[in-house]
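Coordinate-derived values only; no laboratory data. Please read these numbers as outputs of a predicted model, since none were measured by experiment. Heads up, the Cβs are rebuilt from the backbone with ideal geometry, glycines too, and the neighbour counts pull from every protein chain shown.
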Amino acid sequence: MNNAFQGVEVAVLIPCYNEEIAVPLVIRGFRQALPFAKIYVYDNLSTDKTAKVAFEEGAIVGDEPFPGKGNVMRRMFSDIEADVYVLVDGDDTYDPKVAPKLVQLLLDKQLDMVNGARVSTIQEAYRFGHRFGNQALTGLVQFIFGKQFGDMLSGYRVFSRRFVKSFPAISSGFEIETELTVHALELRMKTAEVPTHYKERPAGSSSKLNTIRDGLRILRMIGHLVKEERPLMFFGYAFAVLALLSVGLAVPIVMEFLETALVPRLPTAVLSLGIMLLAFLSMACGLILDTVTHSRRELKRLAYLNVPAPKWPMTEVKQERPARAGSMQAIAHADSDAEKTDVLLATA
């Protein structure tokens, strides 16, 4: 770890479930890459020796009794205090050597999140189903919330304290990555994305991710976030669908009424009227909830601002200013040009 990081508390967060084989490799890799960081491993009801081997490797071991990655991360975010948080999966598929670069970027640019976008040519490491699902779900989030991230479901990220302590974390499983991404986009946080090498799991370990099941859970989370964060869009689409259905049912009835002055299909006419009423009720809900969402976003922004940003590297700039001011005073009080030159040389 670069000496420039001294004075900045860095925590490496590793949520784990049955990673007895992989987690020691992850701990060793991040201890070498970030030797001044504290490494936390939170065990999530593992049935193997994950917690034991993590403790033997020198990690700070915690426990989360509720199953699911989202529950583990909520516990870690609430328990652990640091200036910078490095989140990584415990399966040894991410490159720890890039961690100092991610931390440096976050501090230099005063960012709130740096996302490690996965890059891999190994078929076993990043299967086609996972790759296709990630691209489809990421594209959907980009369309609705914004195009800042190309790999929304990456498990390798670096956060500021501001991000972590203002993040509500309502999801319980793998859909937590979607919630992290949308939280950053909705509060318009400063973020970046860096390509990172992604490799296959070590021999003997197995993935806990189910492409279909977890893909559907992520899709459901996206729908929930659209309803919560974009209610006018959500209920506006519902209004459009219901209104079109109502008009489609009403057009033949109106045409027949114009020709015969009769309404022979009264039940259909009543159904069309009821659907149109539901459409306008949906639009009214969208307008009301949009105001509520605006207020909630302001409260989340205030919670974000309530946490101070890391002082590094601004402290170095502040330390330089008094010295330069003193030098200018010394130049002003110098009696001769030779003395002024000596002062300038001493300051350079």
Subject >> the range 1-125 - Kirkwood radius from inverse mean 1/r over Cα pairs (Å) >> reply: 14.9
Original post:
How big is Rg to Rh over the range 102-213, alpha-carbon atoms, Rh as the Kirkwood inverse-mean-distance radius?
Top reply: 0.96
Subject >> Global size of the range 77-119 as Cα Rg and Dmax, reported in angstrom >> reply: 11.3, 32
Subject >> Cα-based Kirkwood hydrodynamic radius, the chain, one decimal, Å >> reply: 23.8
Original post:
Over all pairs of distinct alpha carbons, what does the Kirkwood formula give as the hydrodynamic radius of the range 1-68, in Å?
Top reply: 12.3
Original post:
Hey, rough spin-label estimate for residue 233 and residue 108, points 7 angstrom out along Cα→Cβ, what's it come to in nanometres?
Top reply: 3.3
**OP:** For the chain, find the longest principal axis of its Cα atoms and tell me its angle to the long axis of helix 314-333, 0 to 90°, nearest 10.
**Re:** 50
**OP:** Be a star and scan the range 7-27 for residues whose amide nitrogen sits under 15 Å from the point 7 Å along the Cα-to-Cβ vector of residue 56.
**Re:** 19-27
Subject >> Folded to 0 to 90 degrees: helix 211-229 orientation relative to the chain principal axis, Cα >> reply: 90
**OP:** Calculate, axis by axis, the spread of Cα positions in the range 157-227 along the three principal axes, and write the results as whole Å, longest axis first.
**Re:** 40, 27, 20
**OP:** Output the Cα-based Rg and Dmax of the range 133-185 in Å, rounding Rg to one decimal and Dmax to a whole number.
**Re:** 10.9, 30
Original post:
Which of 190/311; 97/147; 49/69; 109/190; 38/199 have a Cα-Cα distance over 20 Å?
Top reply: 97/147; 38/199
Original post:
By average Cβ neighbour count within 10 Å, what is the ranking of 157-166, 38-47 from highest down?
Top reply: 157-166, 38-47
Original post:
Which of these, 264, 310, 168, has the largest mean-square fluctuation under a Gaussian network model of the chain (Cα springs below 10 Å)?
Top reply: 264
Subject >> Segment residue 203-residue 224, length gained on full extension (0.36 nm per residue, minus Cα span) >> reply: 3.8 nm
Subject >> Inter-probe distance in nm under a simple model that places probes 7 Å from Cα toward Cβ, at residue 240 and residue 212 >> reply: 3.1
Subject >> Relative contact order %, the range 25-102, counting alpha carbon pairs below 8 Å whose residues are six or more apart >> reply: 37
Subject >> FRET efficiency for residue 188 and residue 120, using Cβ-Cβ distance with R0 set to 45 Å, rounded to 0.05 >> reply: 0.90
Original post:
Relative contact order, percent, of the chain when contacts are C-alpha pairs under 8 Å separated by at least 6 residues?
Top reply: 16
Original post:
By how many degrees, 0 to 90 and rounded to 10, does the Cα axis of helix 176-186 deviate from the longest principal axis of the chain?
Top reply: 90
